[in-house]
Amino acid sequence: MPAARPRVVSLVPSLTEAVAAGAPGLLVGATDWCTHPPGLDAARVGGTKNPDPAAVAALRPDLVIANEEENRPADLDALRAAGLTVLVTEVRTLDQAFRELERVLAACGLDPRPRWLDEAEASWAALPAPTAPRTAVVPIWRRPWMVLGRDTFAGDLLARLGVRQMYAGHAERYPRIPLEELRAAGADLVVLPDEPYRFTADDGPEAFAPLPAALVDGRMLTWYGPSLAEAPRALAAALAAAS
């Protein structure tokens, strides 16, 4: 008789997509921000920063999957206090993302290893060495302006694509920097993702003109899951268009 599969609640959009790609029936709960895969049939338990612990507990999950950056310690402590098992991931680099994805998928009983994970690793391994590195400011918010700083997953992906971020050596991971300072930083490119702030062609590039602006899909830049297989091509194309 096959072992019963666990009931899983995901508090991280990337991990929701990763689990659902192989076994959507495992997910009994997900956050309001878990938009992939479209049409996911799972109860919604609030946001990543404000999940409802009572709603999570009511789903009787065997496992709650979370992330140390996306979810608040107080919320995770409340879930543990309710007697729930919480698996917390840490993702600061691409290599770490691959390791953590394997850990999450194993904890969910997903075996064998999914094809998309092999495809993602192969896609990134096949990247040619950058021939003309570029330096970029990478805003993630405006009003106030916030940018990528040190030790970020998105920054590691950009570095592999030949883009050095101006504030990679900053003491903070997501520093607030005045626009005047950003404009004077000496970058030759601004990279504008569409999440968490939804930068668009009409909202963002004008603040840095005449600096070239690369509008990138935030899911490709910040999610660690099935999108990683497509991300090198999609990000490289967006960066190349901003010349």
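Before moving on, here are some points about what is shown:
- Restricting region 24-46 to residues that are more than 20 Å from Ala81 (Cβ to Cβ) and out of contact with any strand residue (DSSP E or B) (no Cβ under 9 Å at 6 or more places or on another chain) leaves a set whose member that is modelled with the lowest pLDDT is Pro24.
- Thr131 fulfils the conditions (1) among the β-branched types (Val, Ile, Thr); (2) buried (at least 19 other Cβ atoms within 10 Å of the Cβ); (3) at pLDDT below 95 except for a single criterion, (2).
- Qualifying residue in region 83-95 (condition: of a type in the set (Lys, Arg), under 29 Å from Asp151 (Cα atoms) and surrounded by 14 or more Cβ atoms within 10 Å (Cβ to Cβ)): yes
- Selected residue [in the same structural domain as Arg160 (by TED's automatic domain parsing) and either part of a loop (DSSP other than H, G, I, E, B) or at pLDDT below 95 (or both)] from Leu182, Leu211, Leu215: Leu211
- Residue within region 116-136 that is basic (Lys, Arg), in a loop (DSSP other than H, G, I, E, B) and either at negative phi or touching a Cys at 6+ places or on another chain (Cβ under 8 Å) (or both) present: no
- Test: residue in region 57-65 that is touching an Asp or Glu at 6+ places or on another chain (Cβ under 8 Å) and either closer than 22 Å to Gly155 by Cβ or surrounded by 13 or more Cβ atoms within 10 Å (Cβ to Cβ) (or both): no
- Only one of the numbered conditions (1) assigned by TED's automatic domain parsing to the domain that holds Val56; (2) modelled with pLDDT of 95 or more; (3) part of a loop (DSSP other than H, G, I, E, B); (4) not β-branched (Val, Ile, Thr) is violated by Gly149, and that is (1).
- Meets criteria (under 14 Å from the mean Cα position of the chain (by Cα) and free of Cβ contacts under 8 Å to residues at least 24 places away in the same chain) for Glu90: yes
- Pairs linking a residue in region 201-230 that is more than 30 Å from Gln96 (Cβ to Cβ) to a residue that is in a loop (DSSP other than H, G, I, E, B) and hydroxyl-bearing (Ser, Thr, Tyr), with Cβ atoms under 8 Å and 6 or more positions apart or on different chains, are Pro212/Ser243.
- Matching option when the condition is in a loop (DSSP other than H, G, I, E, B), in contact with a Gly (Cβ under 8 Å, 6 or more places away or on another chain) and either free of Cβ contacts under 8 Å to residues at least 24 places away in the same chain or more than 30 Å from Asp118 (Cβ to Cβ) (or both), among Ala187, Ala171: Ala171
- Among the residues of region 224-233, the ones that are crowded, with 16+ Cβ neighbours inside 10 Å and assigned to a helix (DSSP H, G or I) come to 6 in all.
- Residue that is more than 20 Å from the chain's Cα centre (by Cα) and not polar (S, T, N, Q), where the choices are Gly46, Gly83, Gly22: Gly83
The values are calculated or read from the model by the stated rules, or taken from the named source; none is laboratory data. The shown structure was predicted, so the numbers you read here are calculated from the model rather than taken from an experiment. Note that each Cβ is placed from the backbone with ideal geometry, even for glycine, and that neighbours are counted across all protein chains shown.
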